[in-house]
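Asker: The structure follows.
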Amino acid sequence: MDASVIQGLIKPELAAVVAVCWIIGFGLKHTPKVADWMLIYGVTTVGIVFTCFSLGWNVDSVIQGILCGALAVYGNQLFKQTVQALKKEDRDG
């Protein structure tokens, strides 16, 4: 699988929605009354709503919103775990 297949899944005009989902997820993570298991639901809901307002209310928009939310969560985890691995590598040595 090459990168063009992955790039083709999410429409380019939704890059801002992915960024908003990432920011909302970060904010929810730092909200004391929001449990960690609820984050994916909040981020996905934001992705769907923003995408539907951008592209119209149809099935394709819902799927694109789910993908935007998923990419935001995946990107956050990829970044976080890479930073943790690099810190551990520096400590170990």
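The values are calculated or read from the model by the stated rules, or taken from the named source; none is laboratory data. Keep in mind it's a predicted model, so treat the numbers as computed, not measured. Backbone-built Cβ (ideal geometry, glycine too); neighbour counts: all protein chains shown.
Asker: Assess whether Leu71 counts as being under 17 Å from Ala16 (Cβ atoms), in contact (Cβ under 8 Å) with a residue 60 or more places away in the chain and either crowded, with 17+ Cβ neighbours inside 10 Å or not small (Gly, Ala, Ser) (or both). Let's see the steps before the verdict.
Answerer: Numbers: under 17 Å from Ala16 (Cβ atoms): yes; in contact (Cβ under 8 Å) with a residue 60 or more places away in the chain: yes; either crowded, with 17+ Cβ neighbours inside 10 Å or not small (Gly, Ala, Ser) (or both): yes.
Yes; evaluated as a whole, the condition is true for this residue.
Asker: Filter the range 53-93 for residues that are among the β-branched types (Val, Ile, Thr) and within 23 Å of Gly8 (Cβ to Cβ); which is farthest from the chain's Cα centre (by Cα)?
Answerer: Val59
Asker: Shifting gears a bit: For the range 1-82, which fully contained helices (runs of 4 or more DSSP H) count at least 2 residues that are modelled with pLDDT under 90?
Answerer: 3-7
Asker: Further, regarding this structure: With the structure loaded, tell me whether Gly42 is surrounded by 15 or more Cβ atoms within 10 Å (Cβ to Cβ), touching a Gly at 6+ places or on another chain (Cβ under 8 Å) and within 15 Å of Glu13 (Cα to Cα) or whether it fails that test. Explain how you work it out, then say what you get.
Answerer: Details: surrounded by 15 or more Cβ atoms within 10 Å (Cβ to Cβ): yes; touching a Gly at 6+ places or on another chain (Cβ under 8 Å): yes; within 15 Å of Glu13 (Cα to Cα): no.
So Gly42 fails the test.
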